Amino acid sequence: MSLNTIKTNPSIFTKILSFTYDAFLVISCWFLVGFLTLFLYTFFSGKNDFSNTPLGPIIIILTTVIYYVYFWSYGRKTLGMSTWSHELHAENGSEITYKIAFYRFLLNLLFNIFGLLWQIFDTDKKLLSDRILKLKTIKKITSA
């Protein structure tokens, strides 16, 4: 018995579920990186007051950017995307660089919900950021 792999466009529903899964993972990364950073800050500075430092926003921004840019460029999918069998590909078949992944992150941040709703009206079911950067998200379905 051989397995066939079908590649299709993921629905907006599975993209939202994928994003939700990733949101929980990113939040857990915030806590981990935040704990380590604040421990090191306390250890080296001897201060217990973090209220006058920009560490919180820096940790949240850097952790989120690194999570998405790393996974989109290195493995073409985040952990949430992997759960729903989604992969990110360039239309021309080239590798997704850190630069392109960073631009995708910024565009998704900029367009936010409008970029996601764009998928409903797009003929190829692409996000607005993927349309601009010439990327495509595919869903792999394995059948017997």
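The values are calculated or read from the model by the stated rules, or taken from the named source; none is laboratory data. Values in this document were obtained by computation on a predicted structure and should not be read as measured data. Glycine gets a Cβ as well: all are built from the backbone with ideal geometry, and neighbour counts include every protein chain shown. Accessible surface areas use protein heavy atoms only, side chains included; no ligands, DNA or RNA. Shrake-Rupley method; radii C 1.70, N 1.55, O 1.52, S 1.80 Å.
Quick check: is even one residue across segment 57-80 out of contact with any Lys or Arg (no Cβ under 6 Å at 6 or more places or on another chain), over 30 Å from Thr5 (Cα atoms) and hydroxyl-bearing (Ser, Thr, Tyr)? Looking for residues that are out of contact with any Lys or Arg (no Cβ under 6 Å at 6 or more places or on another chain), over 30 Å from Thr5 (Cα atoms) and hydroxyl-bearing (Ser, Thr, Tyr), one finds at least one in segment 57-80, hence yes. Residues in segment 1-19 that are outside any loop (DSSP other than H, G, I, E, B), of a type outside the set (A, V, I, L, M) and open to solvent by 60 Å² or more (accessible area, probe 1.4 Å): Asn4, Thr5, Lys7, Phe13, Phe19. Would you check which residues across segment 51-83 are buried (at least 18 other Cβ atoms within 10 Å of the Cβ) and within 16 Å of Ser18 (Cα to Cα) and list them? Passing the criteria: Thr64, Tyr67, Tyr68, Val69, Phe71, Trp72, Arg76, Lys77, Thr78, Gly80, Met81. Can you pull out the residues in segment 124-144 that are at pLDDT below 90 and either part of a helix (DSSP H, G or I) or among the polar types (S, T, N, Q) (or both)? Listed by number, the residues that qualify are Thr142, Ser143.
Matching residues to (1) open to solvent by 70 Å² or more (accessible area, probe 1.4 Å); (2) touching a His at 6+ places or on another chain (Cβ under 9 Å):
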| site | (1), (2) |
| --- | --- |
| Ile96 | no, yes |
| Leu106 | yes, no |
| Phe114 | yes, no |
| Leu133 | no, no |
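Leu38 falls short on exactly one of the conditions (1) touching a residue at least 60 places away in the same chain (Cβ under 8 Å); (2) more than 21 Å from Leu109 (Cα to Cα); (3) touching a Phe, Trp or Tyr at 6+ places or on another chain (Cβ under 7 Å), and that condition is (1).
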